[in-house]
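Remarks on the structure that follows.
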């Protein structure tokens, strides 16, 4: 087990109708709050009215800022920063999924900073302070509601970078499983794929002995696989939605990778696909992970064999580790396909003429990415080709 620091300060407020308590949660932090959200479903379902009503009842003035889009944009972040400064905002409330939350975190970083908030994402500067952030989760999957991460796309050059910083860990996150009842099937499936991809990033580790977290991760992966067909068939089942929400949160709050090194190469590669072609992140992970697995399987056949036998139920009798690894990778791809997600770039109609550019952008300022196996430029191109 590796040395680690772990701190989780996010207060989780979980259950039916908990968004109606948001005013009580915000009031200790500020009297004026930015509500950052996107889409018209919040208004159609009366969710926005309930949130605004709760805030006003607690003496908190809400300032509405619509405009969240998938793969959140730097231009929107800068609009939000300007609005917060103009209105004297003291707190950011994200309403939505990962895009709303990541965008809100970026706004929170940018408001007190005199320079360009993009400096934090490119590593040119380190944040020293930020506005506090809270969330009302409506689309699970990203885990951003309890993480220190924010990922933003810069439309100027089609780059997508992230930051991990304790300043942007949400102060509270409100999780009402009833919010899942109206999630379209594609976004539900993408969320499930995103959760599993977060677990894979942690499971494939160079850390040699991490027995406890291995078991935690295997149990969490088994839960996703068991839950997926149930929730897609009965999306308004409260218990299924509750499991879905909590799985998404726990899979990205640091608990499952404490004491082990995580990989994250697959996420870096997918970010370049979604930056250029604007596909949904979870759907992109369903394409990239099987390809990544094919490329790196020889790095640790024992780990692939353990995943296949313990999580996907592959019978090891009479089979070599290499055969088990191949069957494991097929099982992963078959699971994503069972969610009605595309499992190749060709099926997703993603062009294949910019692989060199995507590999260079994925590397950023580094010579290689990933920890399970270091991937250089040619490795990333090879993975993208396997994904075709």
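Only the coordinates and a few stated rules stand behind these numbers; no lab work does. None of these values were measured; they are calculated from a predicted model. Every residue, glycine as well, gets a Cβ built from its backbone with ideal geometry; the counts of neighbours run over all protein chains shown.
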query: Peptides 115-125, 321-331, 185-195: what's the order by average Cβ count within 10 Å, highest mean first?
result: 185-195, 321-331, 115-125
- request: Sum -39500 (n - 2.57) across every DSSP H segment of at least 4 residues in the chain, then divide by the residue count to get the 222 nm mean residue ellipticity, nearest 500.
  value: -14500 deg cm²/dmol
query: How many angstrom lie between the C-alpha centres of region 294-370 and region 25-59?
result: 41
- prompt: Where Rh is the Kirkwood radius over the Cα pairs of region 93-144, the temperature 4 °C and the viscosity 1.567 mPa s, what D in µm²/s does Stokes-Einstein return?
  reply: 112
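Out of all DSSP beta bridges with both ends in the chain, state the antiparallel percent to the nearest 5.
Working: 7 of 31 bridges.
In the chain, approximately 25 percent of DSSP beta bridges are antiparallel ones.
Within a 10 angstrom radius of the beta carbon, how do 44, 11, 132 rank from fewest other beta carbons to most? It would help to have the intermediate numbers written out before the result.
Details: 44 10, 11 13, 132 20.
Ordered from fewest to most neighbouring Cβ atoms within 10 Å, 44, 11, 132 come out as 44, 11, 132.
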field: region 100-148 and region 66-83: distance between their alpha carbon centers, rounded to Å
entry: 11
- request: Pop a pseudo-label 7 angstrom from the Cα along the beta-carbon direction at both residue 16 and residue 164 and give the gap in nm to one decimal.
  value: 3.9
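Can you give the direction-averaged projected area of the convex hull of the alpha-carbon atoms in the chain, in nm²?
Details: hull surface 72.1 nm².
Computing the convex hull of the Cα atoms and averaging its projections yields 18.0 nm².
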query: Stretched out fully, how many nm does the piece from residue 2 to residue 352 gain, at 0.36 nm a residue minus the Cα gap?
result: 122.1 nm
- prompt: What is the gain in length, in nm to one decimal, between residue 182 and residue 57 on full extension, counting 0.36 nm per residue of separation less the C-alpha to C-alpha distance?
  reply: 42.3 nm
field: C-alpha long axis of helix 321-338 to longest principal axis of the chain, angle in °
entry: 40
field: Cα convex hull volume per residue for region 11-178 (Å³)
entry: 98
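Which length gain, in nm to one decimal place, applies between residue 302 and residue 330 when the Cα-Cα distance is subtracted from 0.36 nm times their residue separation?
Numbers: separation 28, 0.36 × 28 = 10.08 nm, distance 1.65 nm.
Gain in length upon complete extension: 8.4 nm.
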